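Please read the structure below before turning to the comments.
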Amino acid sequence: MLLMYLKYQKKMKYINNIFTVEKSRLTKVIEKFETPIFCYSEKKINENISNFKRSFKSFSPIICFSTKSNCNLEILKLIKRSGLGADVVSKGELMIALKAGINSKKIVFSGVGKTRSELIYAIDKNILLINCESKSEILEIESIAKSKNKKVNIGIRLNPNTDAKTIKQISTGKKENKFGVSEKTFIEVSKYIKNSKFLNLKCLSVHIGSQILDHKPYQKMLNVIDKLIKKINFNFEYIDLGGGMGIDYNKDNKKFNYKKYNQIIKKFLKKHKSKIVFEPGRSIIGDTAILISKIIYIKENSKKDFIIMDAAMNDFMRPALYGAKHKIIPLKKTNKMTKKSYDFVGPICETTDKFLTTNKFQKLNEKDYIIICDVGAYGSSLSSNYNIRPKPAEILIKGSKISVIKKRQKLKEII
């Protein structure tokens, strides 16, 4: 397990049996900071952005980072410095994207339930696109635009009824999902928008899900879009393909094929002269961070031992929410292996407060430290104060420099 992880993650590795992020040994981190703590690699973030850009350089898409995947202000500033825009789903996310310095003309606003006040704010900020997900939302935007006597650029999100073959809780492109509109409704509202004095139809938007590792669902999605564009005979300035490209959480070298996806899009663009918009989140930030946790107790059982950690489901929600699996490794590596199974669990009073069960792990002791891998996406952004627990600190490592990018909450701030 350790060798597979190290082969995959070059910016984070063991040096003299101590896990190291870039040039910073984590033993120094735990001397300075209370656990649990999120720890990011700046070089890995920049590397992922460069790789994503390189994968699609033939048509230079607008890349709008999915703010919901990680909304740390300092991370967003780093994203902005790389020239990326933002995909937001709330007024709060729009505000923090703007505070990070992201150009408003590189921001798209998605989501099924935008309130009137959120829409007013987005319209006032002159963002690139509001991607609408219902006829009612389009009428609400038109009402606001009329009151301000201005024309607003919008997109319509299509539900292509495409199965992304991913975890059902993060599938968004099937007809039973709440996202987007059907082809019939799309055609109906597009006709309405064309006759409106206050709406400007700029974009066809689509997003079929998250943690997708196969390019074939995207092929099906583009086929649906191609047929729809031919039906309505309309040239969209933008085609927003969403995000959803997955990462190799299992470390089994099952990776998304960017080369094939690039070829599919290039073929599509030969027929449709539009600017492509992407909304990547996980593929940019997912494998750039770890969560360091301390073992509080080891509760022995006849068949397995419960490794009770100071990290819990409120700190990192994905395993409890989706049944997601994340590799766990020791901070200090030894050659002693356990003969028992380990259940890595948190201290919260919920059975779902569990991270992993494994039959192969090195022998652990109370007060040891362990690392949960690949927590950059939907880690800190999904954290909560359940059980009145303070949210963890977040640090960014660049070489041997450690910067605090979010302080650990204090109980008095919550209560």
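The values are calculated or read from the model by the stated rules, or taken from the named source; none is laboratory data. Predicted model only: the values in this text are computed from it and were never measured. In this analysis, Cβ positions are derived from the backbone assuming ideal geometry, glycine residues included, and neighbour counts consider all displayed protein chains. The protein model used for the area step is the full one, side chains on, heavy atoms only, and it has no ligands, DNA or RNA in it. Shrake-Rupley method; radii C 1.70, N 1.55, O 1.52, S 1.80 Å.
What the table shows:
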{"quantity": "In the range 320-380, trypsin sites (Lys or Arg not before Pro) in a DSSP loop with at most 11 other beta-carbon atoms within 10 Å", "calculated": "K336, K339, K360, K367"}
{"quantity": "Mean separation of Cα contacts under 8 Å, 6 or more apart, over the residue count of the chain: relative contact order %", "calculated": "19"}
{"quantity": "GNM top mover of Y322, Y40, Y258 - the chain, alpha-carbon springs below 10 Å", "calculated": "Y322"}
{"quantity": "Neighbour cut-off at most 14 other Cβ (10 Å), DSSP loop, trypsin sites (Lys or Arg not before Pro), the range 216-293", "calculated": "K254, K255, K273"}
{"quantity": "Segment R81-K332, length gained on full extension (0.36 nm per residue, minus Cα span)", "calculated": "86.9 nm"}
{"quantity": "Probe 1.4 Å, accessible area per residue of the chain, Å²", "calculated": "46"}
{"quantity": "Of M245, M337, M309, the one that fluctuates the most in a GNM where the chain has Cα springs shorter than 10 Å", "calculated": "M337"}
{"quantity": "Taking the range 1-118 and dividing mean pair separation by its residue count, relative contact order in percent (alpha carbons under 8 Å, at least six apart)", "calculated": "17"}
{"quantity": "Protein accessible area in the range 240-300, 1.4 Å probe - carbon and sulfur %", "calculated": "46"}
{"quantity": "FRET efficiency, T27 to D252 (Cβ-Cβ, R0 25 Å, nearest 0.05)", "calculated": "0.25"}
{"quantity": "Ranked order, M317, M221 - accessible area, probe 1.4 Å, largest first", "calculated": "M317, M221"}
{"quantity": "Alpha-carbon gyration tensor eigenvalues x 5, square-rooted, for the range 81-151, Å", "calculated": "21, 13, 10"}
{"quantity": "Helix-only [θ]222 nm of the chain, DSSP H runs n ≥ 4, -39500 (n - 2.57) each, per residue, nearest 500", "calculated": "-8500 deg cm²/dmol"}
{"quantity": "Along the chain, longest interval not containing exposed GluC sites (Glu not before Pro), exposed being DSSP loop plus at most 16 other Cβ atoms within 10 Å", "calculated": "35-175"}
{"quantity": "Phi to ³J(HN,Hα) by Karplus 6.51 cos²θ - 1.76 cosθ + 1.60 over the range 233-250, Hz, x for Gly, Pro", "calculated": "6, 9, 9, 7, 5, 10, 10, 9, 8, x, x, x, 5, x, 10, 8, 4, 7"}
{"quantity": "Volume in Å³ per residue [convex hull over Cα atoms, computed for the chain]", "calculated": "142"}
